[in-house]
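I have placed the structure first, in the form of structure tokens, so that the comments after it can refer back to it.
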Amino acid sequence: MDGGKTIQSFLKEDLIDEIIISQLPILLGGGTPLFGMLKQPLKFTLTDNKVVLNELLQTSYQRKRSTSP
């Protein structure tokens with residue numbers, strides 16, 4: 001999935017287990033923030049970080065969920 005509003009909706013409903021954020025060295029200006037306000041913090045662990053096509057930085061995170069007793 002892609003897009004600030006879509007990602008915010010899925011985060012709000014706690015439906016995301018993995019996030020891959022791709023960054024380009026280009027400033028685009030305005031737009032919808034990727035992460036909006038959440039009821040509580042969601043914890044993620046960095047799982048991978050790589051450069052693709054010599055310019056694109058891809059950073060992967062896995063959701064850290066608490067285990068219930």
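Summed over segment 54-69, residues that are assigned to a loop (DSSP other than H, G, I, E, B) and closer than 22 Å to Gly3 by Cβ total 1. For beta carbons closer than 8 Å, sequence separation of 6+ or different chains, a first residue in segment 30-49 that is of a type outside the set (Lys, Arg) and a second that is part of a loop (DSSP other than H, G, I, E, B), the qualifying pairs are Thr32/Gly3; Leu42/Asp14; Leu42/Ile16; Phe44/Lys64; Thr45/Lys64.
With the requirement that a residue be free of Cβ contacts under 8 Å to residues at least 24 places away in the same chain and farther than 18 Å from Asp2 by Cβ, what does segment 12-28 give you? Please lay out each step first, then the result.
Restricting attention to segment 12-28, the residues satisfying the condition of being free of Cβ contacts under 8 Å to residues at least 24 places away in the same chain are 13, 15, 26-28.
Leu27, the sole residue that qualifies.
For segment 1-11, the set of residues classified as without any contact (Cβ under 8 Å) to a residue 24 or more places away in the chain and of a type in the set (S, T, N, Q) consists of Thr6, Ser9, listed by residue number. Tallying residues that are modelled with pLDDT of 85 or more and either over 18 Å from Ser9 (Cβ atoms) or not in a loop (DSSP other than H, G, I, E, B) (or both) within segment 26-44 yields 2.
The values are calculated or read from the model by the stated rules, or taken from the named source; none is laboratory data. Worth saying up front: this structure is predicted, and the values here are computed from it rather than measured. A quick note on method: Cβ atoms are made from the backbone with ideal geometry, for glycine too, and the neighbour counts reach across all protein chains shown.
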